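Below is one structure, written out as structure tokens; comments come after it.
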Amino acid sequence: MIVTIRWLILICIKSLINAKLMAAISHPPTIQREYSMYDVVAIGNALVDTEFTLSDDALDATGLTRGNMTLADTETQNALFAKLDEQNLKPAKQAGGGSAANSMVAFAALGGRAYYHCRVGGDDMGDFYLGDLADSGVDTDADYAVQVNGTTGSCAVLVTPDGERTMQTHLGASSEIDATNINFQTLMGAKWLYLEGYLAMSPSISEALGEMHKQARAAGAKIAVSFADPAVVKFAKDGLTAMLSRGVDAVFCNADEAALFAETDGDADSVNALLKYSDLVVITNSDKPTTIACRGDNGIIEHSIESVAVSQVIDTNGAGDNYAGAFLYGLSQGLDLPSCGRLAAAAASAVVSQFGPRLLVKDYQAIKDSVI
């Protein structure tokens, strides 16, 4: 009798287990991802930077425009690397890059919550790139970012003795970034949407940027645009103007980019030209003071923020990116404009004093503690 009861119990347990297994197979659980309320959500190119130090003559021999970024196809990029190798020029550093990504690393390291949309290849460099962002505290999502059969973009950064950076970029998978790489849920509750100017050169993302703008506004987020490079203004002015014409709250650029934009916009004054599109304009100018201008109730209000002196400029790669990232962090935390400028100037000066476009987290924290 006891054996029979045990046997019946075992049959019931087995039937129950089988039923649960069948239910699980028929109705697999859906994976729900929860996204934090971010201080900033950004989108930009994903590039692995390879930096070289070289003489002015060696730079001239490449044919690249000094201080600018030049786009290249796979063959041209490989030819440049081969030419540098023939001259026995070895990489000084290799690290994750991309203008907006550098800004987000600074933002996150200072204590902000940042998410970055991008497109990488399903290769080792793509894994390295996303892992590097994660280690820096910047959120991404490989399900959206990875193009399985793609190749991760690369950037050859050539640094001359004066610290000036000249770049040749192969966008790789980034050249095809589109709406499939964007998780619009991340905009819910975000304080800022940050758009990289280089995307003005990517027709595949234009429509999606408009949708991001629309959803960011609906979510109550402010919108910032970084011009990123003079080449953007020279060769992608229409795409850049399309970004701005939707209405933005902040523009970050350097003096050369601002002057180019004003000239092509038919305005002799850079500040006035940019304030037609944005309520706040931040114009850096190398080691000279930065101009911060905004619209006030009684007209334009301008602040001039001194740069932080450095003993030697080693590498200007990422200086503007870090300035924008640190400034935006200050805005997200409610700092006044001069305080944002001083924090940004300190971050940029630290970046130009080393190789590479990013600092260590502890260095960003030390800057924050010394300025705020």
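Can you tell me how much longer the chain between D369 and R66 gets when fully stretched, taken as 0.36 nm per residue apart minus their C-alpha distance, in nm with one decimal?
Result for the pair: 105.5 nm of gain on full extension.
When we measure straight from the Cα of K368, which lysines land under 21 angstrom away, once same-chain ones fewer than 8 places off are left out?
Cα-Cα hits under 21 Å: K191.
Could you calculate the FRET efficiency of D287 with D57 from 1/(1 + (r/R0)^6), where r is the beta carbon distance between them and R0 is 22 Å, rounded to 0.05?
That gives a FRET efficiency of 0.30.
Of the peptides 94-101, 218-225, 251-258, 308-315, how do they stack up when ordered by the mean number of other Cβ atoms within 10 Å, highest first?
Taking the mean over residues of other Cβ atoms within 10 Å, the ranking is 94-101, 251-258, 218-225, 308-315.
In debye, nearest 20, what is the charge dipole magnitude of the chain about its Cα centre with +1 on Lys and Arg Cβ and -1 on Asp and Glu Cβ, if you could check?
Using only the charged Cβ atoms, the result is roughly 1720 debye.
Which order do peptides 362-371, 286-295, 343-352 fall in by mean Cβ count within 10 Å, highest first?
Ranking the peptides 362-371, 286-295, 343-352 by packing returns 343-352, 286-295, 362-371.
Towards the positive end of the charge dipole of the chain, with charges on Cβ (+1 Lys, Arg; -1 Asp, Glu), say which of T151, S332, H303 has the farthest Cα.
Highest projection toward the positive end goes to S332.
Could you give the accessible area per residue of the chain, probe 1.4 Å, as a whole number in Å²?
46
Subtract the Cα-Cα distance of E306 and S245 from 0.36 nm times their separation in residues, and report this length gain in nm to one decimal.
So the extension gain works out to 18.9 nm.
Taking amide H positions as placed in the peptide plane 1.01 Å from N, state which residues far from I43 in sequence (5 or more) or on other chains have amide H under 5 Å from it.
Residues meeting the amide H criterion: H117, Y194, E196.
Extending each Cα 7 Å along its Cβ direction at Q94 and N78, get the distance between those two points in nm, one decimal.
Rounded to a tenth, the inter-label distance reads 1.6 nm.
Can you give me the % of accessible surface on the chain that is carbon or sulfur? Probe 1.4 Å, all protein chains present, nothing else counted.
54
Segment 48-156: which trypsin sites (Lys or Arg not before Pro) are DSSP loop and have at most 16 other beta-carbon atoms within 10 angstrom?
R66
The values are calculated or read from the model by the stated rules, or taken from the named source; none is laboratory data. Fair warning: this is a prediction, and the values are worked out from it, not measured in the lab. Here the Cβ is made from the backbone with ideal geometry for all residues, glycine too, and neighbour counts use every protein chain on show. Areas reflect the complete protein model, heavy atoms only, side chains present, ligands, DNA and RNA absent. Shrake-Rupley method; radii C 1.70, N 1.55, O 1.52, S 1.80 Å.
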